[in-house]
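**Student:** Submitted below is the structure of interest, expressed as structure tokens.
Just so it is clear, none of the values below were taken in a lab; they were calculated from the coordinates. All values derive from a computational prediction rather than experimental measurement. Here the Cβ positions follow ideal geometry from the backbone for every residue, glycine too, while neighbour counts run over all protein chains shown.
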């Protein structure tokens with residue numbers, strides 16, 4: 001049983017080294033979680049690997065299977081750079097307690113406005129008879145998440161180039177004002 005092919009691309013106005021630095025920056029990950037209207041989240045960076053866990057309102061089409069909320073877990077592990085700054089990454093996205101998995105490859109390379117980050121993968125909902133239909137209804141939410149990364153990334157890079165080399169942790173408060181708060185602190 002095959003899943004659904006899914007692909008999209010992000011196009012950032014910065015060189016690959018800056019885009020990589022952004023995508024592995026704690027503040028950027030926090031801002032993406034806040035902008036995705038997470039009810040709660042946890043994000044972390046460990047070297048070239050990132051992890052996020054976001055609890056989100058379930059889409060109407062999935063709520064009867066998942067309940068009113070679902071937790072999306074995303075792990076990304078980047079390779080080292082090639083001579084032109086290109087990198088690849090393995091991405092795994094799962095939904096806690098649900099038979100939903102996205103396994104994808106990210107390819108970061110010079111192009112477009114500065115750097116293209118292309119995602120190519122397979123979305124799998126392992127439910128007999130309903131899986132294909134649920135994959136079709138899940139794909140738009142996944143693609144919307146990547147559009148959120150584009151929007152947050154564009155703003156992050158704009159601040160990076162106009163104000164200072166690295167956003168400080170204080171920028172999380174600004175992100176919450178801009179996108180609304182989402183992180184619940186126990």
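**Student:** Cut-off is 10 Å between beta-carbons; in what order do 103, 64 appear when sorted fewest neighbours first?
**Tutor:** Numbers: 103 14, 64 8.
Listed from fewest to most nearby Cβ atoms, that is 64, 103.
**Student:** Length gain on complete extension for the stretch residue 9 to residue 69, per 0.36 nm per residue less the alpha carbon to alpha carbon distance? All intermediate terms of the calculation are to be shown ahead of the outcome.
**Tutor:** On the way: separation 60, 0.36 × 60 = 21.60 nm, distance 2.72 nm.
Fully extending the segment from residue 9 to residue 69 adds 18.9 nm.
**Student:** With a ≥ b ≥ c taken as the square roots of the eigenvalues of the C-alpha gyration tensor of segment 1-63, please select rounded if a/c is under 1.5 and otherwise prolate if a/b is larger than b/c or oblate if it is not? Kindly include the intermediate steps, with their values, before the conclusion.
**Tutor:** Numbers: a/c = 1.96, a/b = 1.32, b/c = 1.49.
Here segment 1-63 falls in the oblate category.
**Student:** For 156, 78, which order do you get if you count the other beta carbons within 10 Å of each Cβ and list the fewest first?
**Tutor:** Going from sparsest to densest Cβ surroundings: 78, 156.
**Student:** Sticking with the crude label model, points 7 Å out along Cα→Cβ, report the distance from residue 77 to residue 122 in nm, one decimal please.
**Tutor:** 1.9
**Student:** Just want the ordering: 34, 95, from fewest to most Cβ atoms lying within 10 Å of their own Cβ. Write down the numbers at each step before the final one.
**Tutor:** On the way: 34 24, 95 19.
Ordered by Cβ neighbours within 10 Å, fewest first: 95, 34.
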